[in-house]
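Notes follow once the structure below has been shown.
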Amino acid sequence: KNALPLYLNAYRELKYDGFFLSCYGEDLMIANPIKANKILNEAKRFNIHNNSFIRLGDSYILLNQFDKAEEAYILSSLMVPSRFIPKYKLFILYCETKQYFEAKKVANIILQMKVKVPSTKVDLIKSDVKNWLVNQNKIISNKQKI
């Protein structure tokens, strides 16, 4: 909250700086998701970076615009195919919107991805996705028994 007036002041001079706009939009998401989305859409005109599209997708989620969030996460994923976060965000979106077939496709892609730089975050993503797939298989198995 303390930074928002400073951002607003700086916006006058930095409204063509994509990195500034991305940071401003991200920090604005909690206080004003509609304005954050507007700022993040401005940012993508000046800063084509996969993280900008992740932030944009997150802002669309806050606005319940799931199709646009999906598009933003897919674009981010295509920009840097080796990154786990965009695919994981897409996986989470599919799970939350009950698109389990799509979630399963993305989960399998994530599990097949090679890890370039080992990290706890990637380990957690892979573990979460693997556990979800195991639980889905148990649910399907139980339904077939009935």
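The values are calculated or read from the model by the stated rules, or taken from the named source; none is laboratory data. Every value quoted in this text rests on a predicted model; they were computed, and no experiment measured them. When we count neighbours, we look across all protein chains shown, and the Cβ atoms used for this are built from the backbone with ideal geometry, even at glycine. Protein only, heavy atoms only, side chains kept; ligands, DNA and RNA dropped before computing areas. Shrake-Rupley method; radii C 1.70, N 1.55, O 1.52, S 1.80 Å.
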- Query: Over the Cα atoms of the chain, what is the Rg over Rh ratio if Rh follows Kirkwood?
  - Reply: 1.07
- Query: Which pairs in the list 68/98; 1/116; 1/38; 1/35; 44/126 are over 26 Å apart, alpha-carbon to alpha-carbon?
  - Reply: 1/116; 44/126
- Of every hundred units of 1.4 Å-probe accessible area on the range 9-119, the number belonging to carbon and sulfur atoms, as a percent, is 57 percent
- Calculate how steeply helix 33-46 sits against the longest principal axis of the alpha-carbon atoms of the chain, using the helix alpha-carbon long axis, and give the answer as 0 to 90 degrees to the nearest 10. 80 degrees
- Message: Tell me the accessible surface of residue 101 in square angstrom (1.4 angstrom probe, heavy atoms of protein chains only), to the nearest ten.
- Response: 150 Å²
- Could you tell me whether the range 55-118 comes out rounded, prolate or oblate from its Cα gyration tensor? Rule is a ≥ b ≥ c as square roots of the eigenvalues, rounded for a/c under 1.5, then prolate if a/b exceeds b/c, otherwise oblate. oblate
- Descending packing, highest mean Cβ count within 10 Å first, for 46-58, 4-16 is 46-58, 4-16
- Roll a 1.4 Å probe over the protein chains and send me the accessible area per residue for the chain in Å². 64 Å²
- Using every alpha carbon pair in the range 4-87, what percent of pairs falls into each 5 Å bin from 0 up to the bin containing the largest distance? 3, 18, 26, 23, 17, 8, 3, 0
- the range 58-146 - percent relative contact order, Cα under 8 Å, separation 6 or more: 19 percent
